1. How compact is the range 221-364 by the rule of thumb for globular proteins, expressed as Cα Rg over 2.2 N^0.38 Å?
2. Gap in Å between the Cα centre of the range 4-37 and the Cα centre of the range 185-207?
3. For the chain, what is the Kirkwood estimate of the hydrodynamic radius, computed as the reciprocal of the mean inverse distance between distinct Cα atoms, to one decimal in Å?
4. For every helix of n ≥ 4 consecutive DSSP H residues, a contribution of -39,500 (n - 2.57) applies; sum these over the chain, divide by its total residues, and give [θ] at 222 nm rounded to the nearest 500 deg cm²/dmol.
5. Helix 119-152 versus the longest principal axis of the chain: what is the Cα-based angle in degrees, 0 to 90, to the nearest 10?
6. Calculate, in nm to one decimal, what residue 137 and residue 45 gain on full extension: separation in residues at 0.36 nm each, minus their alpha carbon distance.
7. Restricting to the chain, what percent of DSSP beta bridges are antiparallel, rounded to 5?
8. Give the angle, between 0 and 90 degrees and rounded to the nearest 10, that separates the Cα long axis of helix 5-14 from the longest principal axis of the Cα atoms of the chain.
Ligand code: ADP
């Protein structure tokens with residue numbers, strides 16, 4: 001069939017892609033009626049305008065439509081960008097290809113663009129990428145878990161095994177007490193490692209939710225110092241200093257906030273050296289309670305400082321100290337869930353201070 005003017009007209013009227021002819025200044029000289037569905041404007045209203053007029057704000061500086069002639073050298077190249085649809089605030093993703101056209105006989109060039117709405121496929125790709133990234137995180141989590149399990153879980157099991165062997169042969173009451181106490185400690189350690197792994201998995205899958213209540217931070221810190229630190233590290237002196245002697249109430253999830261302080265304080269004791277003290281200070285500003293936890297321990301090597309909030313990461317100077325590298329990554333997530341901030345300063349060989357800021361009130 002030979003295409004007649006009528007056939008071309010029918011194609012132009014019924015094409016679902018937006019086809020435009022631009023002059024060399026990028027001004028639209030011809031547009032198909034599909035501009036209504038793609039740009040949200042009647043085709044007559046876009047004649048005389050430029051594609052740049054429709055760009056979403058964040059693309060205005062990024063996309064260079066000013067020299068569309070560059071597409072002469074790359075015919076068929078595609079560009080993706082976002083536009084505002086009509087006069088609404090709705091954003092749509094578009095993809096355009098450009099080709100050079102020469103007007104019959106007079107060697108005057110202009111540009112033909114063909115534009116299609118790819119919003120659905122961009123969203124689908126985003127969803128797939130998110131699913132893939134969760135899947136990759138889970139698979140990284142599993143492989144890290146296997147290596148931690150094979151190292152860190154082995155030690156307490158070996159201690160328990162050794163105690164059982166000893167108790168089989170030495171039946172005197174003192175040895176029995178010591179053996180049972182040591183086994184209890186190792187079982188506690190195993191339990192808390194397993195609880196950490198479960199917590200991390202829950203976080204990775206986005207399943208951690210907050211049960212908000214009014215929390216007395218001073219009471220929580222005192223409880224952690226007494227029941228977690230002094231029990232495990234009786235030789236380390238700990239203290240709390242509160243800048244104004246007032247109540248420290250914030251809204252938060254009790255078990256998550258307790259976990260944050262417990263992990264940071266146990267780390268401060270665990271990585272201390274020569275029985276140096278651990279100090280907690282509480283300060284206030286307009287919207288945040290600021291807690292700092294300071295130790296004079298082994299510190300964190302500079303090259304590790306950027307990675308310590310990554311799950312399973314342990315600095316290079318702690319290989320002879322027990323741990324899984326999971327606690328701080330959980331702490332960071334918990335602080336984020338409370339819309340707080342966490343940071344630290346550390347000098348290798350001199351000590352570390354961790355800073356937490358928690359908002360007084362939390363709207364979720
Ligand atoms: P773990 O204590 O089980 O090793 P964490 O996730 O709690 O794991 O901490 C990650 C790493 O950050 C630690 O292995 C250690 O290298 C470093 N770190 C955390 N707190 C301190 C601290 N107070 N002093 C020195 N290093 C620390």
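Bear in mind these aren't lab numbers, they're just calculated from the coordinates by the rules spelled out. Computed from a prediction, not measured in an experiment: that's the story for all the values here. Note: ideal-geometry Cβ built from the backbone for every residue, glycine included; neighbour counts use all protein chains shown.
1. 1.01
2. Between the Cα centre of the range 185-207 and that of the range 4-37, the gap is 61 Å.
3. 26.2 Å
4. Working: 10 runs with 140 residues, N = 364.
Calculated from helices alone, the mean residue ellipticity at 222 nm is -12500 deg cm²/dmol.
5. The angle comes out at about 20 degrees.
6. Result: 28.3 nm gained on full extension.
7. Counting DSSP beta bridges with both partners in the chain, the antiparallel share is about 90 percent.
8. The angle comes out near 20 degrees.
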